[in-house]
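Some notes on the structure that comes next.
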Amino acid sequence: MGMSDLYGPADEAESIATIHAALDAGITLLDTGDFYGMGHNELLIHEALRGRDRESVQISVKYGAQRGPDGQWLGYDTSPAATKTALTYTLRRLRTDHVDVYRPARLDPNVPIEETVGAIADLVKAGYVRHIGLSEVGADTLRRAAAVHPISDLQIEYSLLSRSIETAVLPAARELGIGVTAYGVLSRGLLSGHWGSDRALAGTDFRSHSPRFQGENLTHNLALVEALREIAAARGATVAQVAIAWVASRGQDVVPLVGARRRDRLTEALGALDVTLTEADLAAVEAAVPAGSAAGDRYAAAQMAHLDSEH
């Protein structure tokens, strides 16, 4: 997302070089949304995959968010007609004949989840989609969707600072055999170890409106990061590497989704693969950043209203 939208300026050449470096390092999952830069991100991925083996990578696409020419959010449409139309445009931008995982970005309050999943199931039968995923839904919605068609994975925010899924959503996913693709593992930069309280943000940067990056909330959250930094330093790792390794430690069915925009950040993130957290390490991390210790919601109130109320 950050290569095209919402996190301030990005360098297109560096973005493509970063994707190339990820592929060369063995990364096989590329996650995007058709509304990331309104098609720009899909076009970027197409360019990055030029000359590469399409079957060596899985492309996951979110759809349904409606936006105006000024970038404003207008709601969600995951009706069957909108679903099939959105995929048609996605296939054209990606220059591919199929998407590996297709998922609504959020619940559409006007369309039952059964109808949305049924429409994607039609696309699976036709060969345009390989697997159906969901994003930011609760346990009951997972069950209703899985009754229509097998669900491959739930994409949802999960990090040391965002652990609400542990109560009901994660157990339900495991009960149903649904994997979790965890985004926000670095809490949009807070857990990167590179954030400072004096960092200036453009008005178009998502974080300039995020409660966790405001005033006393930010001061509190950065104190949690410093506590984590001590643990990381003692183990010869960075804060980001420990944060990613913690998510990876949650289970084989939890896949950390890392949003690096530059090659140096990608290299650091890949270093998390060499960090094995012992039981003592996990206990120390838990003590430094207990569940529920983050200050401020992960989204502004208007965006929180679009999340499934079950979590």
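Points worth noting:
- Between A147, A121, A294, the residue with the greatest mean-square fluctuation in the GNM of the chain (Cα pairs under 10 Å linked by springs) is A147.
- Site pair A13 and E279 shows an inter-label distance of 5.3 nm when each label is modelled 7 Å from Cα along Cα→Cβ.
- Hull volume in cubic angstrom per residue (convex hull over the Cα atoms of the chain): 127
- Mean residue ellipticity (222 nm) of the chain, computed from DSSP H runs ≥ 4 via -39,500 (n - 2.57), nearest 500: -11500 deg cm²/dmol
- Length released on extending from S164 to N110, taking residue separation times 0.36 nm less the Cα-Cα span: 16.9 nm
- For the chain, carbon and sulfur atoms together expose 52% of the accessible surface, with a 1.4 angstrom probe and every protein chain in place.
- Amide H contacts of Q155 (H built 1.01 Å from N, in plane; Pro and chain starts excluded): L134, S135, E136, T181 sit under 5 Å, all sequence-distant by 5 or more or on other chains.
- The stretch 1-93: trypsin sites (Lys or Arg not before Pro) falling in loop per DSSP and having at most 11 other Cβ within 10 Å: R50
- Principal-axis analysis of the Cα atoms of the chain puts helix 113-125 at an angle of about 70° to the longest axis.
- Under 5 Å from the amide H of R67 lie the amide H atoms of L74, each residue being 5 or more positions distant or on a separate chain, with H modelled from the backbone and absent for Pro and chain starts.
- Once the Cβ-Cβ distance of E226 and L29 is raised to the sixth power relative to R0 = 41 Å, the FRET efficiency obtained is 0.85.
- To the nearest 10, the accessible area of D24 is 110 Å² with a 1.4 Å probe.
- Theoretical FRET efficiency, 1/(1+(r/R0)^6), r = Cβ-Cβ of S293 and W73, R0 41 Å, to 0.05: 0.90
- Model label points for D122 and T267, set 7 angstrom from Cα along the Cα-to-Cβ axis, are 4.9 nm apart.
- Beta bridge orientation in the chain: antiparallel %, DSSP, nearest 5: 15
- Across the stretch 222-227, coupling constants 3J(HN,Hα) worked out from phi with the 6.51/-1.76/1.60 Karplus curve, θ = phi - 60°, read 5, 5, 5, 4, 5, 5 Hz, and Gly and Pro carry x.
- Heavy-atom accessible surface of the chain, averaged per residue, reaches 45 Å², computed with a 1.4 Å probe.
- Taking θ as phi - 60° and the Karplus parameters 6.51, -1.76 and 1.60, the scalar couplings of the stretch 232-247 work out to 4, 4, 5, 10, x, 10, 9, 4, 4, 5, 5, 5, 5, 4, 4, 4 Hz in sequence order, x denoting glycine and proline.
- Per-residue 3J(HN,Hα) values for the stretch 274-279, derived from phi via the Karplus relation 6.51 cos²θ - 1.76 cosθ + 1.60 with θ = phi - 60°, read 9, 9, 10, 8, 6, 4 Hz in sequence order (x marks Gly and Pro).
- Full extension of the segment from M38 to Q66, taken as 0.36 nm per residue of separation minus the current Cα-Cα distance, would add 9.1 nm.
- For V99, the amide hydrogen comes within under 5 Å of the amide hydrogens of V129, R130, counting only partners 5 or more places away or on other chains and with H modelled in the peptide plane.
- Computed with every protein chain present, the accessible area of R174 is close to 110 Å² [probe 1.4 Å].
The values are calculated or read from the model by the stated rules, or taken from the named source; none is laboratory data. What you see is a predicted model, and the numbers here were worked out from it, not measured in a lab. No Cβ is skipped: glycine too gets one built from the backbone with ideal geometry, and neighbour counts run over all protein chains shown. Ligands, DNA and RNA are stripped out before the accessible areas are found, and what is left, the full protein with its side chains, is counted by its heavy atoms. Shrake-Rupley method; radii C 1.70, N 1.55, O 1.52, S 1.80 Å.
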